[in-house]
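The values are calculated or read from the model by the stated rules, or taken from the named source; none is laboratory data. Computed from a prediction, not measured in an experiment: that's the story for all the values here. A quick note on method: Cβ atoms are made from the backbone with ideal geometry, for glycine too, and the neighbour counts reach across all protein chains shown.
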Amino acid sequence: MIKRLFALAGIFALLTISGNAQQQAAQSAEHQSPDHQAARDIFKELIEINTTDTPAGNVTTAAEAMAARFRAAGFPADDIHLDGPLPNKKNLVVRLRGHGQAKPILFLAHLDVVEALRQDWSMDPFKLNEVGGYFYGRGTSDIKDGATLLVANFLRLKKEGWIPSRDLILALTADEEGGESNGVQWLLKNHREWIDAEYCINTDAGSFESRKGKHFLLGMQTSEKNYVDFRLEVKSNGGHSSRPVKDNAIYHLAAGLSRLANFDFPVSLNETTRDYFEKTAALQTPEIAADFQAVIGSDQAKASAAANQLASSPFFNALLRTTCIATRLEGGHANNALPQTAAAIVNCRMLPQDSLQNVQSTLKRVLADDRIVISIVGDAVPAPASAINPFIVHKLEKLSAGLYGGIPVVPVMDTGASDGKYLRIAGIPAYGVPGVFEDEDDDRAHGRDERIGVKDFYDGVDFYYDFIKALAGQ
Ligand SMILES: [Zn+2]
């Protein structure tokens, strides 16, 4: 997953780790309520079960451990489903019954984690370590924290006897990080009735961001760019390189690629990126803020000048347009032979409002050579954006006002991919709401010594309690 999406183009100084650690440590002692202790136990259990896509990893073990907790809490057996395509890749789906006043809400986190090698870490990645105000371990930020927030609160709400207005579904799934058995896809295909919902809240997307210990943004993911690879291939006759001809597959391809290098897809905003530029302008330097305002303004000339300025940042550029970039190249078969084949892979990240057909025909026009044959690699199914849901935004804004001093709630489009994609393709809108604040300069997901702040974790547990009740209260 990709959670960090608020780029400030390096304007702000890096946080001093030690200062923040002290703050986190000082605050962590306050959090010893039974609900926090229960959440910590769940978190520890999840972190210490290896769920990597390796022979040592097993998602089912984690799913079963959580299922046991739901059984012990009195969830009926019929409302707990544990299933998947492989013995070690089972997903857990749990239903908290409500009054049936609307279609259910689905809450989602994946159980699998990216491999972590002991020698790469300064500690055992499969032990929950609490040091200096941080929880360390593989999955602490991606996304066993999110899974814990959901499990802990489903259990707490059940224990309190709270009945939501509608069914609430929790899905903890396999193979989000790779592997062959993506749990969300499998559930949609084989047991849609278990997870069918009006919309999904995904803890593994969006971003709650802080800077030097100060919260500044609640980013709710509504959409993401769509990934597609194109293969460009040119054939020529070949022959002995001592008697060359001008018709050369490598030259055809190279000339086409240089035309592509000089091309940019047009700027295209959508509901989410417009809102993003509007609501985050105040968080930027005056210069960038002016560009954010101009790019969504009605003056076309100013908007296009602002877009050009912003495009110098790879992140802003990725928000503004579909991008296509050559990533691989192959060609020829011997040093002394004319090439018979030359090929390249062009990786595109399409805006959700863009279409495969449009991107492919644009590539054809820009490459401007009928000898370059363009084909799509694999099966690319683009996902639409989820329309911004005003009810959810309103609830988040109320929580932001009550908990975080009213920092802005901003819809965001991720430039990478999440499991929300499969739900959106299946017609279930998905919204990424992580619940746990992370420092914008301290993203260690997939990396060494992955961690989250202890206080941020407990705050996330409390946030999700309020958030679930706000979404499904009477
Ligand atoms: Zn993830």
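Restricting attention to region 337-374, and to residues there that are surrounded by fewer than 17 Cβ atoms within 10 Å (Cβ to Cβ) and acidic (Asp, Glu), which single residue is nearest to residue 327 (Cα to Cα)?
Filtering region 337-374 for residues that are surrounded by fewer than 17 Cβ atoms within 10 Å (Cβ to Cβ) and acidic (Asp, Glu), the one nearest to residue 327 (Cα to Cα) comes out as 369.
Where in region 72-125 are the strands (runs of 3 or more DSSP E), entirely inside, with at least 2 residues that are closer than 30 Å to residue 474 by Cα and within 16 Å of the ligand (Cβ to nearest atom)?
In region 72-125, 105-110 are the strands (runs of 3 or more DSSP E) which contain 2 or more residues that are closer than 30 Å to residue 474 by Cα and within 16 Å of the ligand (Cβ to nearest atom).
Any residue that is in a loop (DSSP other than H, G, I, E, B) and closer than 28 Å to residue 421 by Cβ - is there at least one of those in region 293-304?
yes
Where in region 131-229 are there helices (runs of 4 or more DSSP H), lying wholly inside it, with at least 3 residues that are out of contact with any helix residue (DSSP H, G or I) (no Cβ under 9 Å at 6 or more places or on another chain) and more than 16 Å from the ligand (Cβ to nearest atom)?
The qualifying helices (runs of 4 or more DSSP H) are 183-190.
Quick grid of which residues meet (1) among the acidic types (Asp, Glu); (2) without any contact (Cβ under 8 Å) to a residue 40 or more places away in the chain; (3) surrounded by fewer than 19 Cβ atoms within 10 Å (Cβ to Cβ):
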site	(1), (2), (3)
174	no, no, no
195	no, no, no
210	no, no, no
214	no, yes, yes
223	no, no, no
232	no, no, no
241	no, no, yes
251	no, yes, yes
262	no, yes, yes
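Residues in region 98-131 that are touching a residue at least 60 places away in the same chain (Cβ under 8 Å) and surrounded by fewer than 16 Cβ atoms within 10 Å (Cβ to Cβ): how many?
The total comes to 9.
Name the single residue that is nearest to residue 175 (Cα to Cα) among those in region 72-85 being surrounded by 15 or more Cβ atoms within 10 Å (Cβ to Cβ) and not small (Gly, Ala, Ser).
Result: 85.
Here's a check for you: in region 37-57, which residue that is polar (S, T, N, Q) and out of contact with any strand residue (DSSP E or B) (no Cβ under 9 Å at 6 or more places or on another chain) is modelled with the lowest pLDDT?
Checking each candidate, the answer is 54.
Select from region 425-444 the residues that are surrounded by fewer than 22 Cβ atoms within 10 Å (Cβ to Cβ) and either within 16 Å of the ligand (Cβ to nearest atom) or among the charged types (D, E, K, R) (or both) and list them in ascending order.
Answer for region 425-444, where residues must be surrounded by fewer than 22 Cβ atoms within 10 Å (Cβ to Cβ) and either within 16 Å of the ligand (Cβ to nearest atom) or among the charged types (D, E, K, R) (or both): 439, 440, 441, 442, 443, 444.
Check residue 455 against each of (1) in contact with a Ser or Thr (Cβ under 8 Å, 6 or more places away or on another chain); (2) over 25 Å from residue 36 (Cα atoms); (3) in a helix (DSSP H, G or I) and name the one condition it does not meet.
Failing condition for residue 455: (2).
Please verify whether residue 397 is within 16 Å of the ligand (Cβ to nearest atom), out of contact with any helix residue (DSSP H, G or I) (no Cβ under 6 Å at 6 or more places or on another chain), touching a residue at least 12 places away in the same chain (Cβ under 8 Å) and not in a loop (DSSP other than H, G, I, E, B), treating the condition exactly as stated.
no
Which of the residues belonging to region 305-332 are in contact (Cβ under 8 Å) with a residue 40 or more places away in the chain and in a loop (DSSP other than H, G, I, E, B)?
The answer is 311, 313, 321, 322, 332.
So which residues in region 280-302 are buried (at least 16 other Cβ atoms within 10 Å of the Cβ) and in contact (Cβ under 8 Å) with a residue 24 or more places away in the chain, if there are any at all?
280, 283, 284, 288, 295, 296
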